[in-house]
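Quick notes on the structure that follows.
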Amino acid sequence: MPVEPVTRVLLCLGVVLLFAYLGLYTGIVATVSRRLGLWTAPLVWVLLEFVITKTQIAFPWNLLGYSMVPYVPFIQPAALGGVYLISAWLVLVNLLIYRLVFSTRRLAYGAALLAAFIVPLVIARLNIRPNKPWFNVAILQPNVSPFDKGDWNARERIQADLVRLTCEAARSKPDLIIYPETATLVDVTRSNTIGKTIRSLVDSIGIEVVTGTPLHDIPHNTWHNGAVLLEPGQDSVRQRHYKMRLVPFSEKIPYSDEIPLLGRIIGTADMGNWDRGWEYNVFLWTKGTLSCLVCFEAIFPDLVREFTRRGSELLVVVTNDGWFGKLPGSSQHADLAIMRTVENGVPMVRSANNGISFIADPYGRVLKKTGLFTQTVLEGTVPRPLKPTPYRRFRDWFIILCLAGIAAAVICKLVRFYRKPS
């Protein structure tokens, strides 16, 4: 479905403004660190990363700690303090390198730098254990073009592929089958066409299916981008999740519910206008509990942590990253999601319409994954979750520690200022 020129201009303008907004944080870090002392930079950086995850225009894509996801031993401290602890560590390492190069106390800074690298390696050595198998999963990657997603003429072909891939996946008798975001194109819980077909298929194969789907909430008369658990032998869909974090401007104009005038000023006919979800739903299924994260939700540490705090043993991500094309966005989005496994000590299965789909263990190791732009079924064994991590139990204690450190630095600065002879 083509995008209206007005929408295209507004989205481009929104991206420029978003970059400008995110750039402010780097300037704030530089200004505050300069005034309070260079060694406060890790604390200030992390505190501002935390702020980036808040509000309806939040876009925490560029948290520094995410750059370490491919290096599994170095992200294990995230189980203690989340991605923020990894970000602080990276800033500290860079500070030590700077001091090592430009200071005369090279021996001291060299030893500190060595210790900074040894600590996460020791944590990894003590914590990482062999995985214990839990259940078998089949992840569908239909590889539907983003433009075909909105083309009703392609609907029958897309839905036929979904049925065919499901039958292919069922042959290996997995315990769970995963579809990507909006895989059914229409509300699977109400549709008398594809909805009825998929529900009948689930009954015939006797396997539970998680799928992303548009959802209409009848009591509230709202429309949501969401996900459901389809269970064999059930006449109705009992378990559903409404996406709680919507992509700013693409899925929802920020604060348009609170200030309707915003929607009338900058909204267009083809701009996303989903309603926001409000509940942390944990699904009960045959092998335990799981929570669904729809696309953008997987990059929010506190949102995902709350699902696991409420009992979720498995994170299921359904997404459609085809809009990135061949740009690095798809691989970046996948890496961002992986950090949630380490933070919470739970495995993750990810079904991406065009890729990258994967199975990851509670240590952030990708056990199996697909390539981009291939239609396939990824099959594998999902490991069991770990005991609740300190980050899951004690929430953002590290942020409070950073705030206390900055407050102490401010107090020290004020004391020195007032003690200075006039």
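Given the residues Pro301, Pro254, which is the only one that is of a type outside the set (A, V, I, L, M, F, W, C), in contact with a helix residue (DSSP H, G or I) (Cβ under 6 Å, 6 or more places away or on another chain) and touching a residue at least 60 places away in the same chain (Cβ under 8 Å)? Give the derivation first.
Working: Pro254 fails: in contact with a helix residue (DSSP H, G or I) (Cβ under 6 Å, 6 or more places away or on another chain).
Step by step, each of Pro301, Pro254 is checked, and only Pro301 is of a type outside the set (A, V, I, L, M, F, W, C), in contact with a helix residue (DSSP H, G or I) (Cβ under 6 Å, 6 or more places away or on another chain) and touching a residue at least 60 places away in the same chain (Cβ under 8 Å).
Yes or no, residue by residue, for (1) over 28 Å from Leu18 (Cβ atoms); (2) of a type in the set (Gly, Ala, Ser); (3) not assigned by TED's automatic domain parsing to the domain that holds Trp61:
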residue	(1), (2), (3)
Gly212	no, yes, yes
His216	yes, no, yes
Trp223	no, no, yes
Pro232	yes, no, yes
Glu251	no, no, yes
Tyr255	no, no, yes
Ile259	no, no, yes
Ile266	no, no, yes
Asn273	no, no, yes
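Consider segment 298-312. How many of its residues are assigned to a loop (DSSP other than H, G, I, E, B) and crowded, with 19+ Cβ neighbours inside 10 Å? Quick ask: steps written out before the conclusion?
As a first pass, look at segment 298-312 and keep what is assigned to a loop (DSSP other than H, G, I, E, B): 300, 310-312.
Restricting the remaining residues to those that are crowded, with 19+ Cβ neighbours inside 10 Å gives 300, 312.
Number satisfying all stated conditions: 2.
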* Criterion violated by Val122 - all others in (1) surrounded by 14 or more Cβ atoms within 10 Å (Cβ to Cβ); (2) modelled with pLDDT of 95 or more; (3) outside any loop (DSSP other than H, G, I, E, B) satisfied -> (1)
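The rows are residues; the columns are (1) out of contact with any strand residue (DSSP E or B) (no Cβ under 8 Å at 6 or more places or on another chain); (2) in the same structural domain as Thr341 (by TED's automatic domain parsing); (3) surrounded by 14 or more Cβ atoms within 10 Å (Cβ to Cβ).
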site	(1), (2), (3)
Thr104	yes, no, no
Ala108	yes, no, no
Ala112	yes, no, yes
Pro142	yes, yes, yes
Phe147	yes, yes, no
Asn153	yes, yes, no
Glu168	no, yes, yes
Arg171	yes, yes, no
Tyr179	no, yes, yes
* Just for segment 51-73: of the residues that are hydrophobic (A, V, I, L, M, F, W, C) and crowded, with 22+ Cβ neighbours inside 10 Å, which one is nearest to Tyr25 (Cα to Cα)? -> Leu63
* **Checking Pro5 against (1) buried (at least 17 other Cβ atoms within 10 Å of the Cβ); (2) at pLDDT below 90, the condition it does not meet** => (1)
* Could you give me the residue pairs with C-beta distances under 7 Å whose first residue belongs to segment 157-175 and is of a type in the set (D, E, K, R), whose second residue is loosely packed, with under 12 Cβ neighbours inside 10 Å wherever it lies, and which are 6+ apart or on separate chains? => Asp175/Thr286
* To do: Considering every residue within segment 404-420, establish whether at least one is outside any loop (DSSP other than H, G, I, E, B), at pLDDT below 95, surrounded by fewer than 19 Cβ atoms within 10 Å (Cβ to Cβ) and of a type in the set (Phe, Trp, Tyr).
  => yes
* Asked: Can you pull out the residues in segment 345-381 that are over 19 Å from the mean Cα position of the chain (by Cα) and either part of a strand (DSSP E or B) or within 11 Å of Ala334 (Cα to Cα) (or both)?
  -> Thr376, Val377, Leu378, Glu379, Gly380, Thr381
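The values are calculated or read from the model by the stated rules, or taken from the named source; none is laboratory data. Given the structure is predicted, the values throughout are model-derived calculations rather than measurements. Heads up, the Cβs are rebuilt from the backbone with ideal geometry, glycines too, and the neighbour counts pull from every protein chain shown.
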